[in-house]
Amino acid sequence: MVGFCIFGAGRMGQLHARTLLDNDKANLRYVYDVIPEAAKELAERSGAQVAPDIRTALASEDVDAVIITTPASSHVELVIEAARAGKAIFTEKPLSEDIETARHAIEEISKAGVITAMGFMKRFEPSHYKLIQAVKSNQIGRVELVVLTNRDIHVTILELVKETHKTAPYTLLRESTVHDFDLARVLLGEEPVEVYVSGSCLVEPEFEPIGEIDAAMTTLRTESGQMCHISNIWRTQYGYDQRIEVFGSKGMLRAENRPETSVMHFREDGILLDRLIPSSEEDWASDDFFMPKYAAAYPHEMNLFVDAVLSGEPPLVTIYDGYRAQMIVEAAVKSLATNQPVQIEKD
Ligand SMILES: NC(=O)c1ccc[n+]([C@@H]2O[C@H](COP(=O)([O-])OP(=O)(O)OC[C@H]3O[C@@H](n4cnc5c(N)ncnc54)[C@H](O)[C@@H]3O)[C@@H](O)[C@H]2O)c1
């Protein structure tokens, strides 16, 4: 049995707590949140206790693993505290808001030798998962070109963007494209060495005056010349658009968007499919519109983490992957600011 504590009882903390409740190898023991009522509500719902502070939860022998679902600015600090306490760590993305503190976290993790996992759940969406397996088992030969499309239905984090612009600009790259950087790494099978980003403010008028962006076209390049193109925007008129295309020397793989049902309506003016997942008006309008698409991915990543803690074998995605993705983010931010291709740091 793996004893857990959750730091951050918001949307993602609640979601991961539900997976723990359904897993008979996991037990949520403590919840901590800077807002005590939020911690109390989740703890009561989950049969856990409210931790008065982080240290109390980390000092408990009943706690083997920590789930960090606070905002990005506190991830590194919590990762380091948990590593020093010898706990296994799952943290939500992004790992940090800069590369120096991310590197520090990696040093502490490696000193502590703890199991870690990173919330890059897009790898675990069933079609993405199968596509990644096909690439890794050489079914399309050498990967040459990767095309990633990641477009949100609408802007959900206007306030966060405004708040963090001065200290950690370009939230689109940090919160959204970071998932694509992780996918690009795993699909290319080689670390990207160069990034170029062209960004614009096309959607949200409040971003323009502060110099933020809500649309970006990014290219990545590896040492051997493989390339990846990423298309991001925070407004679609047709639903949550998540696609992967991998072109290899022996073929091509694609993971497409899926409509909610397979019903096709043949009409005089054409053939009509259902709306993309999510299809309900309520889900489209919600800030959680991404959840139905990744509904199976969240429990998959968390259950693998539970198994990893029990077996002592690292899971598929570790905080080191978060660190590598963060290196690309930091280079991408420089590229956007200078309008030049930027070399990505090695370790
Ligand atoms: N992988 C995904 O699909 C996905 C989706 C959404 C958000 N996220 C990431 O998850 C993280 C949390 O996002 P969310 O949507 O759940 O946010 P949220 O605002 O709903 O919840 C965050 C919670 O953390 C608490 N908190 C803030 N600072 C804290 C601290 N230092 N210690 C303890 N509690 C603290 C807040 O009071 C709040 O209750 C973010 O890093 C975000 O990027 C990941």
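The values are calculated or read from the model by the stated rules, or taken from the named source; none is laboratory data. These figures come from a predicted structure and were not determined experimentally. Cβ coordinates were reconstructed from backbone atoms using ideal geometry, including for glycine residues, and neighbour counts include every protein chain displayed.
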Out of ALA57, ALA72, ALA85, ALA38, I need the residue that is crowded, with 23+ Cβ neighbours inside 10 Å and outside the structural domain of THR177 (by TED's automatic domain parsing). Which one? ALA57
Quick test for you: out of PRO278, PRO299, PRO314, pick the one residue that is more than 25 Å from ARG142 (Cα to Cα), touching a residue at least 40 places away in the same chain (Cβ under 8 Å) and not in a helix (DSSP H, G or I). PRO314
Applying the selection to segment 220-256, what residues are under 22 Å from the mean Cα position of the chain (by Cα), over 18 Å from ARG123 (Cβ atoms) and of a type in the set (Gly, Ala, Ser)? SER231, GLY239
Taking segment 266-311 and the residues there that are small (Gly, Ala, Ser) and under 23 Å from the mean Cα position of the chain (by Cα), the one that is farthest from THR236 (Cα to Cα) would be ALA308
Options GLU97, GLU44, GLU92; residue that is free of Cβ contacts under 8 Å to residues at least 12 places away in the same chain and either more than 15 Å from the ligand (Cβ to nearest atom) or among the acidic types (Asp, Glu) (or both): GLU44
Can you name every one of the helices (runs of 4 or more DSSP H) wholly within segment 74-146 that holds 1 or more residues which are among the polar types (S, T, N, Q) and within 27 Å of PRO299 (Cβ to Cβ)? 126-136
Matching residues in segment 57-88 - criterion: being more than 8 Å from the ligand (Cβ to nearest atom), closer than 14 Å to GLY13 by Cα and of a type in the set (S, T, N, Q): none
Residue check: is THR56 within 18 Å of LEU310 (Cα to Cα) and not aromatic (Phe, Trp, Tyr)? no
Out of (1) out of contact with any Asp or Glu (no Cβ under 9 Å at 6 or more places or on another chain); (2) part of a loop (DSSP other than H, G, I, E, B); (3) under 30 Å from ASN138 (Cα atoms); (4) charged (D, E, K, R), the odd one out for ASP287 is which? (3)
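One line per residue, one yes/no per condition, for (1) surrounded by fewer than 23 Cβ atoms within 10 Å (Cβ to Cβ); (2) closer than 30 Å to VAL309 by Cβ; (3) of a type in the set (Gly, Ala, Ser):
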| site | (1), (2), (3) |
| --- | --- |
| ILE132 | yes, yes, no |
| GLU144 | yes, no, no |
| LEU158 | yes, no, no |
| GLU163 | yes, no, no |
| ALA168 | yes, no, yes |
| PHE181 | no, yes, no |
| GLU208 | yes, no, no |
Hey, GLN14 hits all of (1) surrounded by fewer than 22 Cβ atoms within 10 Å (Cβ to Cβ); (2) part of a loop (DSSP other than H, G, I, E, B); (3) more than 7 Å from the ligand (Cβ to nearest atom) but one; which does it fall short on? (2)
Among the residues that make up segment 22-36, is at least one of them over 30 Å from LYS166 (Cβ atoms), within 13 Å of the ligand (Cβ to nearest atom) and among the basic types (Lys, Arg)? no
